[in-house]
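Right, one structure below, let's go through it.
Readers should treat all values here as calculations from the given coordinates under stated rules, not as data from a laboratory. Note that the coordinates shown come from a computational prediction; the quantities given were computed from them, not determined experimentally. Note: ideal-geometry Cβ built from the backbone for every residue, glycine included; neighbour counts use all protein chains shown.
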Amino acid sequence: MHLHFFPALLVGGEMLDLLRLTGAVAQAVLLVLLVFSLISWAIILSKWSVLRRARVQSGRFLRAFRRAQRLQDINAVSDQFRPSPLVGVFHSGYREFERQLGSSGGLRNPLAVQRSMQIASSEEMTRLERNLPWLAITGAVTPFVGLFGTVWGIIDAFHGLGTTGQATLRAVAPGISEALITTAAGLAAAIPAVIAYNLIGGSIREFAARCDDFSLETLNAVERQPTATRLTEEVRR
């Protein structure tokens with residue numbers, strides 16, 4: 001069996017040889033890029049899992065919320081949908097509604113309920129965005145880190161060329177190819193981070209819009225509660 005039937009294995013072996021032959025600076029650059037990439041992938045996979053669960057549970061929570069006749073009913077079962085940011089928004093509004101019921105026996109200030117839900121929505125979005133800036137940092141920094149390794153490697157290759165005095169392509173090509181590995185590694189770390197940052201950011205913006213809409217829907221449900229209705233009629237009289 002001849003090796004030319006396995007060009008991919010040959011290319012992989014050559015890449016390993018190049019990595020072993022790279023200088024200390026290039027190896028340090030590759031190590032930094034590897035750390036950036038590992039952290040980025042950990043964040044990407046974690047956020048993907050969190051957003052997937054939040055999306056599924058949000059759909060279930062909305063269906064349960066719209067079927068419920070009373071806010072007390074949905075509050076009793078809301079914890080089972082907790083991965084959804086809508087649950088935090090609902091809890092905040094419901095707590096404010098209960099405070100007003102306890103102090104005055106009815107809904108005195110609907111705007112306070114709405115403000116409570118807006119604050120909770122902001123807190124939920126902050127929770128979803130946690131660690132997300134690292135992806136932006138990775139996408140912006142790693143290409144330049146890789147380019148630094150390439151520039152350093154090319155400088156080293158030409159310095160060696162000047163020392164040996166052999167101005168041939170065969171003499172300089174290995175050094176340049178070693179140097180270009182860091183640029184490829186920088187792009188390999190940056191491209192997934194940039195794609196994930198935009199996709200995850202879009203999903204979070206979608207959740208923010210859903211939380212705003214749900215706040216208004218919850219406020220409508222609060223005002224339809226029997227205690228709130230009776231109080232409104234008394235005020236009108």
In this structure, the FRET efficiency calculated for L111 and A68 from their beta-carbon separation, with R0 = 35 Å, to the nearest 0.05, is 0.90
The distance between the Cα centres of the range 196-220 and the range 131-155, in whole Å, is 32
Here the FRET efficiency for I195 versus R60, based on Cβ atoms and R0 = 41 Å and rounded to 0.05, is 0.90
With 0.36 nm assigned to each residue of separation and the Cα-Cα distance removed, N220 to I154 gains 17.1 nm
log10 I(q)/I(0) for the range 24-236, Debye formula on C-alpha points only (no solvent), q = 0.11, 0.16, 0.18 Å⁻¹, two decimals, reads -0.66, -0.98, -1.11
Mean Cβ-within-10 Å packing, highest first, puts peptides 190-196, 69-75 in the order 190-196, 69-75
Here the gain from full extension of M125 to V25, 0.36 nm per residue of separation minus their alpha-carbon distance, amounts to 32.0 nm
Sequence order, the range 123-129: Karplus ³J(HN,Hα) from phi using 6.51 cos²θ - 1.76 cosθ + 1.60, θ = phi - 60°, Hz rounded, Gly and Pro as x, gives 5, 5, 5, 4, 5, 5, 7
